[in-house]
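Please read through the structure below; I'll follow up with questions.
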Amino acid sequence: MSSRYRAAIFDIGGVLTHSPVTRIKEFCREYGIPDEVRVAIFAPEDGPWSRFERSEIPPEGFAELFDRHIAGLETPANGRQFLEWFFQGFGERPEMVAVVRYLRGRVKLGSITNNVARDEPAQRRTSGIDVHSLFDVVVESAIVGVRKPEPRIYQIACEQLGIEPPEAVFLDDLGANLKGAKALGMHTIKVDETTRAIDELEEALGIPLPRL
């Protein structure tokens, strides 16, 4: 291997699965929740969703805050229903999972995910994918209490992988998360619905990668 990178670190939602961000937007449109309310729930670092991802509040606490935000709206949605929908998962991207499987034994593999509900079974926390069988290291915001793009979550992954941040390639679908990784010296690749990220990862690692 001619690359200086010793590890590849993957996000889960939007990388190994289809985008939960897109699906949440679709959920809110379907149930008549306006953009400003959706943003207030899911965007702020101190908002309900971010606090849930850091396990600062339990599922019941998030559902209650969700209901407060949508109070007064003519919508059949509620927080409990949203969580039941969310935990159904978002569908695996087999082309990306195949890349991870191919890289096992070739580079160190890690995953960093902003997720929720630390007391749920592992695969339920990670969109139905058995990430613990795919990666050497899995860092979950709901377990460690910090979330992307906070620097500490990337540092935890690198420490557990036994590398320095500049020795890692990091793949994510969200610009803010990539910016956080890049600030620590990681090589970053933005994932979209195309296979372009696989091309970029192949070039960075110097390893021919499969295309499904």
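The values are calculated or read from the model by the stated rules, or taken from the named source; none is laboratory data. Owing to the predicted nature of the structure, the values given are computational and were not obtained by experimental measurement. Positions of Cβ are generated from backbone atoms using ideal geometry, with glycine treated the same way; all protein chains shown enter the neighbour counts. SASA here: full protein model, heavy atoms, side chains in, ligands and nucleic acids out. Shrake-Rupley method; radii C 1.70, N 1.55, O 1.52, S 1.80 Å.
Kindly report the accessible area of the chain per residue (heavy atoms of protein chains, probe 1.4 Å, no ligands, DNA or RNA), in Å².
46 Å²
What residues have an amide H closer than 5 Å to that of residue 17, excluding those fewer than 5 places away on the same chain, when H is modeled at 1.01 Å from N in the peptide plane?
93
OK, next. Which loop GluC sites (Glu not before Pro) in the stretch 1-80, with loop taken from DSSP, have no more than 14 other Cβ atoms within 10 angstrom of their Cβ? It would help to have the intermediate numbers written out before the result.
Working: sites: 26, 30, 36, 45, 53, 56, 60, 64, 74; in loops: 45, 56, 74.
Here the sparse-neighbourhood loop sites are 45, 56, 74.
Can you give me the % of accessible surface on the chain that is carbon or sulfur? Probe 1.4 Å, all protein chains present, nothing else counted.
On the way: 4790 of 9850 Å².
Carbon-and-sulfur percentage of accessible area, whole number: 49.
Going toward the positive end of the dipole of the chain, with +1 on Lys and Arg Cβ and -1 on Asp and Glu Cβ, which of 90, 111, 78 do you reach last?
Comparing the listed Cα positions along the dipole, 111 ranks first.
Report, for the chain, the % of DSSP beta bridges that are antiparallel, rounded to 5.
5 percent
Here is a follow-up. Quick one: among 31, 154, 102, which has the greatest mean-square fluctuation in a GNM of the chain with alpha-carbon springs under 10 angstrom?
Judging by the Gaussian network model, the answer is 31.
Now for a separate question. Quick one: which residues, 5+ away or cross-chain, put their amide H under 5 Å from the amide H of residue 9? H built at 1.01 Å from N.
Hits under the 5 Å cutoff: 110, 169, 170, 171.
Quick one: divide the alpha-carbon radius of gyration of the stretch 1-105 by 2.2 N^0.38 Å and tell me what you get. Intermediate results must be reported in sequence, preceding the final value.
Details: Rg = 17.2 Å, N = 105, 2.2 N^0.38 = 12.9 Å.
Cα-based Rg divided by the globular estimate yields 1.33.
Take every Cα pair under 8 Å in the stretch 69-212 that's 6+ residues apart, average their separations, divide by the length, and report that relative contact order as a whole percent.
Computed over the stretch 69-212, the figure is 19 percent.
Moving to a separate point now. Given +1 on the Cβ of Lys and Arg, -1 on the Cβ of Asp and Glu, and no further charges, what dipole in debye does the stretch 136-212 carry about its Cα centre, rounded to the nearest 20?
260 debye
Which one is right for this structure if semi-axes √(5λ) of the Cα gyration tensor in Å is calculated from it: (1) 43, 17, 15; (2) 24, 22, 15; (3) 31, 17, 15?
(3)
If you put +1 on each Lys and Arg Cβ and -1 on each Asp and Glu Cβ, how big is the dipole of the chain around its Cα centre, in Debye rounded to 20?
The calculation lands at about 520 debye.
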